[in-house]
C-alpha cells in the first residue's frame, strides 16, 4: 500500500508533464496511472474477500504518537476502487473537455486532480488518525484549488474560498477530536478508538469528541447547516465536480461517520443527532433541487439529498442499514458521476446552463443522451438498474430500524424528488422541444467525441451490469465493506426481484410521485422560487456575516495587541518574566543558589569587562552606527567567553553571527531613511533603563544559580554517552541538532526558509534592475582583497560543513560563513557582481536546501525507523564514514546561505536606489 501511494504521488507530479508534450489526447495517456492503481487494488480483492485486513506501518515520530500506518479492509477497498476507477474516467473526460484551455492550464488541472486522488487514497487507507487528518486537510486544499481553477472569475474565487472556509472549519474540529482521542486512549490508532468506543463515550471528553467528529463529517459531506458550499462549488470545471462533489470528496464525511459509528452510537444523543440532521438536509436539498435553474445546480442539490440519505443510513441501527449505506454509496457514485459528465457535455456543446428544453439535443448528442437515460433510470430507482436495488435496501433498513415513521416519510418524499430531478435533467435537455421561455434554438458548437462519451456510458452501463451480474462485486466488494463497517459478517443479496414486498410498494409510490413531479415540474419550480422560506441563501449570508464579524473583531484585537511599539512589547515581556520569577520564588521557595568560592580567573573577567564596556557604550552612543559597533563588541566578548569555557561551536556561530549582523545592519542603515530628531523623551529613557536593569538582574540571578551547580545534568550525560554510539558523531552539539533533535532543527530551518520568501516579497526589486556598479565608495584595500578573502571564507565554510559531525562546525555555521563570503563580494564589487558569482537565485538555494533536509529523513523511514533517523556507512580504511546526516546538514547550509543572501541583496539593492 505504501508503494501504491508512492506511485500515485510520484505519478501525480510527473504525469502532467506529458500533458504539455502531448497536447490533445493527453487524458488517455495520463489515465493509465489511475487505471494501473485500480488494477493494483483489484489484485488484492482475493485477500479482502476472505475478510483479511491488510496493514503496513512505518515509524515516523513515535513520541508524538505519529506513525505512518495504513490499513486496507473491505470499506476502504470499496473507496479505493471508486477513487481510482472514476478518477481514470474523469481524466479521460477532462482531456476532451479542456480542449479550449492552454497546455499549461490542462497540465495544471491534471496535476491537481491526480494529487487529489492521492490525498483521497491516503485518507481512506490511513489507520493513524493524525495521518488521516493530514490527508483530510489535503483534500480540502486541493478542492479549493480546483473550484477556483478559473482564477479570473470572481464567482469561482468566492466559491473556492467558501468551500475552503467550511471544510477547514470541519478540519479544525476533527483535529480537536483526534487530539482528545489521543489524550483519552494514549494512542491515535483508529482501530483502537473504535474498539474502545465505550471508554471514549464514558470519558469526560466523550461528548466533545462526538461533537467534533460529527461537525467534521457534516462540513465535508455538506449536511445542514453547512450544505450551502456544495452548490457554489459547481463553479469548478465539470470533470472536477463529477469527481470531487459527487463520487469522492463529499463521501469522506460519510466515511468518517461510518468508521466512528460505534463511538457516537455509544452516547445517548449521537444517533438522534445524526438522523435529525440527515432528515433536515434531505428535505432542504429536495426543495432546493426543485428550485434549481441550472443543470449542475439541480445535480448538486440532489447530491446533497443523497448525502443526507447516506448520513441517515449511518445513523440507523441494524445490519440492513449498513447494507443499504454501502449499496447506495456505490450506486450513487456511478449514476451521479455519469450525470455530471452528461451535464458537462451539454454545457460544452451548447454553452447553455439553464434547465429548460434544449430543442432535442438527443439528435446531435445521441450517445450522451443514452448515457443520461441510463444514469437517470438508476437515480430514479427503476429496475433493473442498481439504483432500484439500493433503494429497496434503503426502505428495508428503515422498516427494520427501531426508529419511528418520520425518517421513512422523509426518505419517501426525497426519493420521489430525486426521481423527478432525474427525469427533468434527462427529458428536458435531450428529448423535449422548445418550450416556455426557451427562445431560439441553442447553437451546438460540436458533436460527440470518444473521450466525452465513453466515461458516462461506462458508468451508466456499470449500474446495469452490476445489478444483472452481481456475483463478483458482491463477494469481493460489498460483503467485505459491510462486514468492515458493521464489524460482523452480514449477508448481502443483490437481486432485481425479491417478490412482492413492502419495499417494492414504497418504490412504486416513489416512482409515481416522481413522475407527477416531472409532469408538473414547471409550476412547482415557479411556485417554489417565489417562496422565500425555501431560500437557502439565508444560511449562506449568516455564515458570511459571521466571518466578517470575526475579521472585524480580529482587526480590533490586533490593533490593541499588535500596536507596533517595540518598547511596549518589551515592557510586557519583562513584566511577564518578572512576574513568573516572583511567583516561582514566592510559591515554590526557589531562591538563587550562590556559587562556591572559586579563584578569580583573570582572562574571563577581562573579557567580561570588555563586554560590559561595549554594552555601556551602546547605551550612550550618539549614532546608530556607533551603537551597532558597541553592541558588536559585546557580542564578540560573549563569543570569547564561550571559547574559554569549552563551547567552540557556540563561539564559532557567535563570531559568524556578529560579523553578518554588522554587514546586514549596515546595509539596513543605508536602505532605511533615519530620523535625525530624538525619538525618546527623558521619561522614556528612564523607563527603558529600569526595564533593562530589571532584566539584567533577573538574568544575573539565573546565571548565578546555574553556576552554583557545576554538575552536568542527566540530559548532558546521556547525550555525551550516546553521541557516537547512536549517531556516529563526536561533536555532541551538532549531533543533538541533526540527530537527537533533528525534527526541531527542521522546524527552525523551515522558519528561516519562510522568512527568506517573505523577505524576497518585501524587498523585491521595483522599477527595473539597479544599474551595475557600486552606489557607495569602497576602500582600495577592500577592493584588492575582497575576492581572495571571499573565496577563502567560502572554502572555510565547506570545511566547517564537512567536519561538523565530529569537530566544531556544521551546516548552520557553515552557511553563515558562506553568506559572509558573498557579503564581502557584494560590498566590494556590488550586488550584481555577487549575484553573478553565486550563479543561482538565493531562493533557489533555499528551496533546494529544504528539499534536501526533508528527503534526508526518508531513508530512515524506509529502514523501519522514525523519520529523520539517519543511516551511516563506515567502509573503513582511507574512505570516510558517510551518512544521511550530511544531506540534512547540507540542506541547512543551503537554506541559511540563501536566506541571508536574500536579505542582504534585497537591502543593498534598496540602498542603491
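Per residue of the chain, what 222 nm ellipticity follows from adding -39500 (n - 2.57) for every DSSP H run with n ≥ 4, rounded to the nearest 500?
-23500 deg cm²/dmol
By count of other Cβ within 10 Å, fewest leading, how are 52, 497, 802 ordered? Can you show the working numbers first?
Details: 52 14, 497 9, 802 17.
Ascending number of Cβ neighbours within 10 Å: 497, 52, 802.
Can you put 58, 620 in order of Cβ neighbours within 10 angstrom, beginning with the fewest?
Listed from fewest to most nearby Cβ atoms, that is 620, 58.
Taking the 0 to 90 degree range and rounding to the nearest ten, how far is the long axis of helix 648-671 tilted relative to the main principal axis of the chain, both from C-alpha atoms?
For 648-671 against the chain, the angle is about 80 degrees.
Per residue Cα convex hull volume for the range 276-515, in cubic angstrom? Please report the intermediate quantities before stating the final value.
Details: hull volume 27.1 nm³, N = 240.
Looking at the range 276-515, the number lands at 113 Å³ per residue.
Which whole-percent values make up P(r) of the range 170-287 when all C-alpha to C-alpha distances are grouped in 10 Å steps starting at zero?
Computed distribution, short to long bins: 14, 43, 29, 13, 2.
For residue 617 and residue 516, FRET efficiency with R0 = 60 Å and r from the beta-carbon atoms, rounded to 0.05? Show your work: numbers first, answer last.
Working: r = 93 Å, r/R0 = 1.55.
About 0.05, to the nearest 0.05.
Rounded, prolate or oblate: which fits the range 56-130 when a ≥ b ≥ c are the square roots of the eigenvalues of the alpha-carbon gyration tensor, with rounded for a/c under 1.5 and prolate only if a/b beats b/c?
Values: a/c = 5.26, a/b = 2.02, b/c = 2.60.
It is oblate, given that a/c is not under 1.5 and a/b is not larger than b/c.
Could you sort the peptides 296-304, 846-854, 473-481 by per-residue average Cβ neighbour count (10 Å cutoff), highest mean leading? Please report the intermediate quantities before stating the final value.
Values: 296-304: 25.9, 846-854: 20.7, 473-481: 22.7.
Per-residue mean Cβ counts within 10 Å order the peptides as 296-304, 473-481, 846-854.
For the range 134-180 and the range 263-326, write down the distance between their C-alpha centroids in whole Å.
Distance between centres, Cα-based: 21 Å.
If packing is taken as the average number of other Cβ atoms within 10 Å across a peptide's residues, how do 4-12, 141-149 rank, most packed first? Numbers along the way, then the final one.
Numbers: 4-12: 17.9, 141-149: 22.3.
Listed from highest to lowest mean packing, they are 141-149, 4-12.
Would you mind ranking 839, 741 so that the residue whose beta carbon has the fewest other beta carbons within 10 Å leads the list?
Details: 839 7, 741 15.
Least to most surrounded, the residues fall as 839, 741.
Bear in mind these aren't lab numbers, they're just calculated from the coordinates by the rules spelled out. Keep in mind that this is a model prediction, so the values were computed, not measured. Here Cβ is always computed from backbone atoms with ideal geometry, including for glycine, and neighbour counts include all displayed protein chains.
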